[in-house]
Amino acid sequence: MDQELIAALKEILTAGKSPSVALLKGRVSRRYNMHDLISAVQEAKASPDKFLSAEITSTKVEVNNTQTTEHDVPDKGDVHAELKAIRQELAEIKRLLQKPN
């Protein structure tokens, strides 16, 4: 599993939160395919101690502490497009979770 995913899941679990795809996506700096995100979340839920005790060997996860300028604010159309994509991904996740094994 990618070190950035491990670091993000460790951060989520350390904060006392239950891992979810949404929380994971919010803590990684690059896009991952949905299968990798779902698998990582399932693994973290099944074995949280594995992630809590993980030693991170990469420093890919960065915290952005810069101030937002008007140039950083996304276009309203971009926000709506991103929201639509997130809703579609959520519907796909729900469909996968309801699928009998």
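Derivation of every value follows stated rules applied to the coordinates shown; laboratory data play no part. Just so it is clear, the model here is predicted, and its values are computed rather than measured. With ideal geometry, Cβ positions are generated from the backbone for all residues, glycine too; neighbour counts draw on all protein chains shown.
Taking R0 as 25 Å, what's the FRET efficiency between E92 and S29 from their Cβ-Cβ distance, rounded to 0.05?
Result of the calculation: an efficiency of 0.65.
For each pair in K76/K99; K50/K99; K45/K76; K50/K84, compute the distance between the two Cα atoms and list the pairs where it is over 29 Å.
Exceeds cut-off: K76/K99; K45/K76; K50/K84.
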